[in-house]
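Participant: Starting off with a structure, shown below.
The values are calculated or read from the model by the stated rules, or taken from the named source; none is laboratory data. Everything quoted here is computed from the prediction, not taken from an experiment. Heads up, the Cβs are rebuilt from the backbone with ideal geometry, glycines too, and the neighbour counts pull from every protein chain shown.
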Amino acid sequence: MASPACFSSFSVPVKEKKLMEVKLGELPGWILMRDFTPKGIAGAFQRGYYRYYNKYINVKKGGVAGISMVLAAYVLFNYCRSYKELKHERLRKYH
């Protein structure tokens with residue numbers, strides 16, 4: 001098996017790197033190479049959905065982790081959406 005040291009001279013183009021593999025100096029160039037057309041954004045959401053589904057939902061021994069993350073995201077989204085009204089109620093004086 002080849003050691004990782006022999007692959008050090010092999011350079012992956014910035015466009016093909018995953019977000020976690022991009023260095024901080026390469027980040028602006030990586031962002032500019034992304035596809036921001038409606039088709040590209042829809043494809044990114046589709047890949048994210050399939051990745052989530054295959055990792056947490058479509059498993060042999062599933063648990064509550066996948067469903068609980070969806071529920072937590074739903075609760076957080078609704079809290080952020082109604083924060084202005086909740087903030088107004090919090091600052092109201094009751095006497």
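Participant: Being touching a residue at least 12 places away in the same chain (Cβ under 8 Å), of a type in the set (Gly, Ala, Ser) and surrounded by 11 or more Cβ atoms within 10 Å (Cβ to Cβ) is the requirement here; does residue 29 meet it?
Facilitator: Spelling it out, residue 29 is indeed touching a residue at least 12 places away in the same chain (Cβ under 8 Å), of a type in the set (Gly, Ala, Ser) and surrounded by 11 or more Cβ atoms within 10 Å (Cβ to Cβ).
Participant: Whether any residue in region 56-65 is surrounded by 10 or more Cβ atoms within 10 Å (Cβ to Cβ) and modelled with pLDDT of 85 or more is what I want to check.
Facilitator: No, because not a single residue in region 56-65 is surrounded by 10 or more Cβ atoms within 10 Å (Cβ to Cβ) and modelled with pLDDT of 85 or more.
Participant: Sort out which residues of region 15-26 are surrounded by 10 or more Cβ atoms within 10 Å (Cβ to Cβ) and either hydrophobic (A, V, I, L, M, F, W, C) or modelled with pLDDT of 90 or more (or both), and write them in order of number.
Facilitator: Listed by number, the list holds a single entry, 22.
Participant: Quick check on residue 12: is it surrounded by 10 or more Cβ atoms within 10 Å (Cβ to Cβ) and modelled with pLDDT of 85 or more?
Facilitator: Judged against the criteria, residue 12 is not a match.
Participant: Out of the residues in region 19-57 meeting the condition of being of a type in the set (A, V, I, L, M) and outside any helix (DSSP H, G or I), tell me which one is farthest from residue 69 (Cα to Cα).
Facilitator: 33
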